[in-house]
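Notes follow the structure.
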Amino acid sequence: MALSPDCDQFVSVGLDKKIVLYDSKSFEKKSDNAKGAKMGIYDVCWYDDAHLVTCSADNKVKVWEVNDGAIAKDPKFDLLQQAVEDKMAKIPK
């Protein structure tokens, strides 16, 4: 779980593969992204007020854009995601 930098919302993730965004004042669910990952999501953090970063059991790090309560994969960060995935693939298992 992570609180946004402006403290207006928080996000939770879990082994159910979902990214769920809540209003931090009313605790009302704002968004439920059921396609967060192929496997469980281990952690989430805010990059800034409009972006989340998740890491999951499928060895993926993804950047998500938060816009008016909607969560969508941010295509601007595909190169960054690919670079992280390439480095993670080189780590011995």
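The values are calculated or read from the model by the stated rules, or taken from the named source; none is laboratory data. Since we're looking at a predicted model, the values are computed, not measured.
Quickly run through the range 17-46 and pick out the residues that are at pLDDT below 90 and of a type outside the set (Lys, Arg).
Listed by number, the residues that qualify are Ser31, Asp32, Asn33, Ala34, Gly36, Ala37, Met39.
Taking the range 1-36, which residues are of a type in the set (Asp, Glu) and under 15 Å from the mean Cα position of the chain (by Cα)?
Correct list: Asp16, Asp32.
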